[in-house]
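> Take a look at this one; I'll ask things after.
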């Protein structure tokens, strides 16, 4: 008998950590379903990328049920082995300035919280039968900004990532009895195409390892949390930042 092919749903797959995660999981034989608010991008040049893409705007919570139904239709055995919630937004002010409390209005708060936190809970809720059938794993992508003030991340983003860490613990507590584990990773400064100006100086001053993280290093941790070697890890938040948090 051949081993069942594993399926992962990944939100926020269009660049950086998302790209690296797709490539790693595919190299391990997984089938990936990706979610983005954008139409399919030709930059996503991995096998079956176009037919694996699902367009949905996670800021619009009314789209969650349709998204879940589409995912369900694409699972041949009704089992979802991993849900990786990587989608996240961090709006900026004029000239890409950091948005503090005084510069953040209600619309920005609603958009950020819906994408970064609320949609995460609702997707897991909608797809729980498929996750439970697979004894699956949920991995939420938080941030170093969720536990300390960050010079580039705005207040809504930081608050949402702190909330996502708390949501991860709640998921672990509630879903563990269903055989579904929930953990989080908290990246620091990772080398992607959207690094903020001043990142090099920040790394030199605050990261003991003295370098940026590689997206594949993040992807490897996500893979670990979705596979058997992590089978008794539940409710953890793993810091991937070269020691920046210490």
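> Does residue 88 qualify as being within 27 Å of residue 144 (Cβ to Cβ), at pLDDT below 95 and under 16 Å from the mean Cα position of the chain (by Cα)?
It is true that residue 88 is within 27 Å of residue 144 (Cβ to Cβ), at pLDDT below 95 and under 16 Å from the mean Cα position of the chain (by Cα).
> Looking only at strands (runs of 3 or more DSSP E) that fall completely inside the range 38-152, which ones have 1 or more residues that are farther than 17 Å from residue 165 by Cα and in contact (Cβ under 8 Å) with a residue 60 or more places away in the chain?
Filter on the range 38-152 gives 82-85.
> Considering (1) surrounded by fewer than 21 Cβ atoms within 10 Å (Cβ to Cβ); (2) modelled with pLDDT under 95; (3) closer than 30 Å to residue 232 by Cα, say which one residue 204 fails and leave the rest.
(3)
> A further question follows. In the set 154, 210, which member is modelled with pLDDT under 95 and surrounded by 22 or more Cβ atoms within 10 Å (Cβ to Cβ)?
Just one listed residue meets the conditions, 154.
> Which residues, taken from the range 12-29, are closer than 14 Å to residue 223 by Cβ and surrounded by fewer than 20 Cβ atoms within 10 Å (Cβ to Cβ)?
Across the range 12-29, the qualifying residues are 23, 24, 26, 27, 28, 29.
> Please verify whether residue 14 is part of a loop (DSSP other than H, G, I, E, B), modelled with pLDDT under 95, in contact with a helix residue (DSSP H, G or I) (Cβ under 7 Å, 6 or more places away or on another chain) and closer than 30 Å to residue 175 by Cα, treating the condition exactly as stated.
Working: part of a loop (DSSP other than H, G, I, E, B): yes; modelled with pLDDT under 95: yes; in contact with a helix residue (DSSP H, G or I) (Cβ under 7 Å, 6 or more places away or on another chain): no; closer than 30 Å to residue 175 by Cα: yes.
Judged against the criteria, residue 14 is not a match.
> Could you list, in sequence order, the residues of the range 2-12 that are more than 9 Å from the chain's Cα centre (by Cα) and touching a residue at least 12 places away in the same chain (Cβ under 8 Å)?
Answer for the range 2-12, where residues must be more than 9 Å from the chain's Cα centre (by Cα) and touching a residue at least 12 places away in the same chain (Cβ under 8 Å): 4, 5, 6, 7, 8, 9.
> Go through the range 214-246 and give me each residue that's touching a residue at least 40 places away in the same chain (Cβ under 8 Å), under 20 Å from residue 147 (Cα atoms) and not in a helix (DSSP H, G or I).
Result: 234, 235, 236, 237, 238, 239, 240, 241, 242, 244, 245.
> Give the residue that is surrounded by the most Cβ atoms within 10 Å (Cβ to Cβ), with candidates limited to residues of the range 124-151 that are within 27 Å of residue 99 (Cβ to Cβ) and out of contact with any helix residue (DSSP H, G or I) (no Cβ under 6 Å at 6 or more places or on another chain).
Result: 141.
> Could you figure out which of (1) surrounded by fewer than 16 Cβ atoms within 10 Å (Cβ to Cβ); (2) under 24 Å from residue 19 (Cβ atoms); (3) touching a helix residue (DSSP H, G or I) at 6+ places or on another chain (Cβ under 6 Å) isn't true of residue 96?
(3)
> Right, next: Within the range 170-190, restricting attention to residues that are more than 16 Å from the chain's Cα centre (by Cα) and assigned to a loop (DSSP other than H, G, I, E, B), which residue is surrounded by the most Cβ atoms within 10 Å (Cβ to Cβ)?
Here the answer is 180.
The values are calculated or read from the model by the stated rules, or taken from the named source; none is laboratory data. None of the values given here were measured: they were computed from a predicted structure. Neighbour counts are summed over all protein chains in view; Cβ atoms, including those assigned to glycine, are modelled from backbone coordinates with ideal geometry.
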